[in-house]
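Asker: Starting off with a structure, shown below.
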Amino acid sequence: MKTTLSSKGQIVIPRQIRLNHGWKPGISFTIIEEGDAIVLKPTLARKTTTIEEVIGCAGYTGPAVSLADI
């Protein structure tokens with residue numbers, strides 16, 4: 001497959017490649033230079049974690065302890 005660099009520095013990733021990888025408009029990529037080639041790696045969005053999701057991750061099951069006691 002071939003594509004062309006536009007005057008604005010843009011390239012079109014062919015539709016079949018986008019479909020194969022599930023890439024939708026707006027996806028971000030990290031560009032890696034490897035010699036005379038470049039690699040595009042999708043930048044995966046990370047889900048925001050809330051404090052409620054991580055409370056208790058340490059596995060402590062004893063009584064509540066005050067900050068002064070810590």
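None of the figures in this text is laboratory data; all of them are computed from the coordinates on show. This is a predicted model, so every value here is computed, not measured. Neighbour counts run over all protein chains shown; Cβ positions are idealised from the backbone, glycine included.
Asker: With each run of n ≥ 4 DSSP H residues scored as -39500 (n - 2.57), what mean residue ellipticity at 222 nm is computed for the chain after dividing by its residue count and rounding to the nearest 500 deg cm²/dmol?
Answerer: One gets -3500 deg cm²/dmol as the mean residue ellipticity at 222 nm.
Asker: Mind jotting down a quarter of the surface of the convex hull over the alpha carbons of the range 15-54, in square nanometres, one decimal?
Answerer: Taking the Cα atoms of the range 15-54, their convex hull projects to 4.7 nm² on average.
Asker: Using the Kirkwood radius over C-alpha pairs as Rh, can you work out the diffusion coefficient of the chain via Stokes-Einstein at 37 °C, viscosity 0.692 mPa s, in µm² per second?
Answerer: In µm²/s, the coefficient rounds to 191.
Asker: Specify which residue in the list Leu44, Ser28, Gly9 is farthest towards the positive end of the charge dipole of the chain, using unit charges on the beta carbon of Lys, Arg (+1) and Asp, Glu (-1), about the Cα centre.
Answerer: Gly9
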